[in-house]
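Below you'll find the structure, written out as structure tokens, and then a few comments.
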Amino acid sequence: MIKKFKRILVANRGEIAIRIFRACNELGIRSVAIYSNEDKCSLFRTKADEAYLIGKNKGPIEAYLDIDEIINLALKKGVDAIHPGYGFLSENVEFARKCEEVGIEFIGPSAAMMDQLGDKIKSKIAAQNVGVPTIPGVEKPITSEEEAVRFAELCGYPIMLKAAAGGGGRGMRIVRNENELLSSFRSAKNEAKKAFGIDDIFIEKYLESPKHIEVQILGDKYENIVHLYERDCSIQRRHQKVIEFTPALSLTKEKRDAICDDALKIARAVNYRSAGTLEFLVDKHGNHYFIEMNPRVQVEHTVTEMTTGIDIVQSQILIAQGYSLDSEEIGIYSQEHVQPRGFSIQCRITTEDPTNNFAPDTGKIDIYRTGSGFGIRLDGGNGFTGAIISPYYDSLLVKTTSWALTFKDAVRKSLRSAKELKISGIKTNIDFLINVLNHPTFKEGECNTNFIAEHPELFN
Ligand code: ADP
């Protein structure tokens, strides 16, 4: 059954809010923004059809996390659906459940599905149940230092401590011996508690210098599921992605197919609905292991959109309305129908200072000039001349996504765009990104997740 939406509230801010307003606009749906006190002058709220202040007496982050206030506002404004974007409430099971309870469509998987997959340990078990390889590790959170030591002795160092509720690389520690383990266990637990409110920590074997390969999935409400191929997200700093591209040039066709098939197996096992990503690590011998599932749209969805031509955010909205993948509206008639073409690279331009350990910079942007042109897509957040960058939020300013028939040309376009971008008044990571794009290992598509850490010259 199709339930046409008239109004969608976006429970988010910045570039992803704008991205979703644009999809709403193209689908003829009214977009509703929410914004905090600190975001009164932010660009995103002016891009929606309507915008409302929330969290009047709350802090800048808390405003976007107040489930009851957001749902009450949505009910008052006659909203049919809420899109959570990424971060904030996007993986919050209680939020999805409350939306379901009051009859507002949560644009994403069901609360039950999120509960099953959002937690890293649960999703690893779901993968093991369908025969997909995972990194050896414990099957439930570690409760004491002694338990951690016992497991480490069993599987051998190095190991990795991870927050079960983790995200953004937080609550994660590499541990190379028992001494380190004792202090890291405590600090990982504290960090996880602070960041996610849950301090469950688990352990798995640490893979040296793997590649991060992830698969984009789309599923509808009728158990049709397709994958939109993979992305290589190995260019990371402190386990956080910096540059992403597709296809992953270093993979053979057989390896790519095997990883995409495994992603489908996991998604099918839970009848996954909406857009989601299954993340894998590939070790230096070419073995792949599932690490986690992200039940939401991701920052780097743009590269997949560029090569497949499929609008992932529009698809999420159409799926939530009840359209099937093979409907005329979505137009994905079968897996074979997904035919990626060319290469795409996304760079995350942030207001971080690479010469000062990537500390987020704040202040007024005096000059803001972007570099678009053929083969470049820009997804902007709060970048404009005169904008004030506050210290409260994510430092992502704009994403540049290139597309070309060859990887070499996609690199050239990304470089050209980065060099054309002129931002003054605030520090950015543009020069650092240019150094990465110019690096011969990057040009070969051969970087692993330690690439940035092993190349201090990139910071000059
Ligand atoms: P988050 O949810 O915080 O982003 P992930 O589980 O997705 O955390 O992992 C983020 C990154 O951390 C991976 O892309 C990889 O670089 C690194 N990582 C995670 N698990 C391992 C592991 N077992 N061995 C080596 N690196 C890992």
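The values are calculated or read from the model by the stated rules, or taken from the named source; none is laboratory data. Values in this document were obtained by computation on a predicted structure and should not be read as measured data. Here Cβ is always computed from backbone atoms with ideal geometry, including for glycine, and neighbour counts include all displayed protein chains.
Quick check on the range 164-180: of everything there that is within 15 Å of the ligand (Cβ to nearest atom) and over 23 Å from the mean Cα position of the chain (by Cα), which residue is surrounded by the fewest Cβ atoms within 10 Å (Cβ to Cβ)?
Residues of the range 164-180 within 15 Å of the ligand (Cβ to nearest atom): 164-176.
If we keep only those that are over 23 Å from the mean Cα position of the chain (by Cα) as well, we get 175-176.
On the way: 175: 22, 176: 13.
Checking each candidate, the answer is 176.
So which residues in the range 125-136 are surrounded by 15 or more Cβ atoms within 10 Å (Cβ to Cβ) and either over 26 Å from residue 286 (Cα atoms) or in contact with a helix residue (DSSP H, G or I) (Cβ under 7 Å, 6 or more places away or on another chain) (or both), if there are any at all?
Kept after step one, since they are surrounded by 15 or more Cβ atoms within 10 Å (Cβ to Cβ), are these residues of the range 125-136: 126-127, 130, 132, 134-135.
Within the range 125-136, 126, 127, 130, 132, 134 meet the criteria.
Could you list all residues from the range 379-401 that are of a type in the set (S, T, N, Q) and either more than 22 Å from residue 455 (Cβ to Cβ) or in contact (Cβ under 8 Å) with a residue 60 or more places away in the chain (or both)?
Of all residues in the range 379-401, those of a type in the set (S, T, N, Q) come to 382, 385, 390, 395, 400-401.
Hits for the range 379-401 are 382, 385, 390, 401.
Residues checked against (1) surrounded by 20 or more Cβ atoms within 10 Å (Cβ to Cβ); (2) of a type in the set (Ser, Thr, Tyr); (3) within 30 Å of residue 218 (Cα to Cα); (4) at pLDDT 95 or above:
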position	(1), (2), (3), (4)
326	no, no, yes, yes
329	no, no, yes, yes
406	no, yes, yes, yes
411	yes, no, yes, yes
419	no, no, no, yes
Only one of (1) of a type in the set (S, T, N, Q); (2) within 16 Å of the ligand (Cβ to nearest atom); (3) buried (at least 21 other Cβ atoms within 10 Å of the Cβ) fails for residue 450. Which number is that?
(3)
Does any residue of the range 148-158 turn out to be away from the ligand (no atom under 12 Å from the Cβ), among the charged types (D, E, K, R) and without any contact (Cβ under 8 Å) to a residue 40 or more places away in the chain?
yes
Residue 46 meets each of (1) surrounded by fewer than 23 Cβ atoms within 10 Å (Cβ to Cβ); (2) assigned to a loop (DSSP other than H, G, I, E, B) with one exception, condition (2)
Leading residue by the ranking (surrounded by the most Cβ atoms within 10 Å (Cβ to Cβ)) among those in the range 276-292 that are closer than 21 Å to residue 164 by Cα and out of contact with any Leu (no Cβ under 9 Å at 6 or more places or on another chain):
280
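Among the residues of the range 60-82, write down those that are of a type in the set (Val, Ile, Thr), crowded, with 20+ Cβ neighbours inside 10 Å and outside any loop (DSSP other than H, G, I, E, B).
Within the range 60-82, the subset of a type in the set (Val, Ile, Thr) is 61, 67, 70-71, 79, 82.
Keeping just the survivors that are crowded, with 20+ Cβ neighbours inside 10 Å gives 70-71, 79, 82.
Passing the criteria: 70, 71, 82.
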How many residues does the range 293-315 hold that are surrounded by 24 or more Cβ atoms within 10 Å (Cβ to Cβ) and in a strand (DSSP E or B)?
1
So in the range 200-217, with the set limited to residues that are near the ligand (Cβ under 8 Å from one of its atoms) and either over 21 Å from the mean Cα position of the chain (by Cα) or on the phi > 0 side of the Ramachandran plot (or both), which one is surrounded by the most Cβ atoms within 10 Å (Cβ to Cβ)?
204
Among the candidates 319, 345, single out the residue that is within 22 Å of the chain's Cα centre (by Cα), surrounded by 15 or more Cβ atoms within 10 Å (Cβ to Cβ), of a type in the set (A, V, I, L, M) and not in a helix (DSSP H, G or I).
345
For the range 182-198, check the following and say yes or no: at least one residue is within 11 Å of the ligand (Cβ to nearest atom) and under 25 Å from residue 332 (Cα atoms).
no
So the check is Cβ under 8 Å with 6+ separation or different chains; which pairs have a first residue in the range 120-138 that's touching a residue at least 60 places away in the same chain (Cβ under 8 Å) and in a helix (DSSP H, G or I) and a second one that's aliphatic (A, V, I, L, M) and more than 13 Å from the ligand (Cβ to nearest atom)?
123/266; 126/266; 126/269; 126/270; 127/266; 129/269
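When you scan the range 270-291, do you find a residue that is away from the ligand (no atom under 13 Å from the Cβ), in contact with an Asp or Glu (Cβ under 6 Å, 6 or more places away or on another chain) and part of a loop (DSSP other than H, G, I, E, B), even just one? Can you show your working first?
Initial filter on the range 270-291 (away from the ligand (no atom under 13 Å from the Cβ)): 270-276, 285-286.
In the following step, the residues that additionally are in contact with an Asp or Glu (Cβ under 6 Å, 6 or more places away or on another chain) were identified as 271.
Retained after the next criterion (residues that are part of a loop (DSSP other than H, G, I, E, B)): 271.
Yes, because at least one residue in the range 270-291 is away from the ligand (no atom under 13 Å from the Cβ), in contact with an Asp or Glu (Cβ under 6 Å, 6 or more places away or on another chain) and part of a loop (DSSP other than H, G, I, E, B).
Taking the range 228-261, which residues are away from the ligand (no atom under 16 Å from the Cβ) and either more than 22 Å from residue 418 (Cβ to Cβ) or outside any loop (DSSP other than H, G, I, E, B) (or both)?
To start, the set of residues in the range 228-261 that are away from the ligand (no atom under 16 Å from the Cβ) comprises 228-229, 247, 249, 252-258, 260-261.
Within the range 228-261, 228, 229, 252, 253, 254, 255, 256, 257, 258, 260, 261 qualify.
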Residue that is farthest from residue 148 (Cα to Cα), among those in the range 128-138 that are at pLDDT 95 or above and within 13 Å of the ligand (Cβ to nearest atom):
133
When residue 40 is run through (1) more than 16 Å from the ligand (Cβ to nearest atom); (2) touching a Ser or Thr at 6+ places or on another chain (Cβ under 9 Å); (3) among the charged types (D, E, K, R), the failure sits at (2)
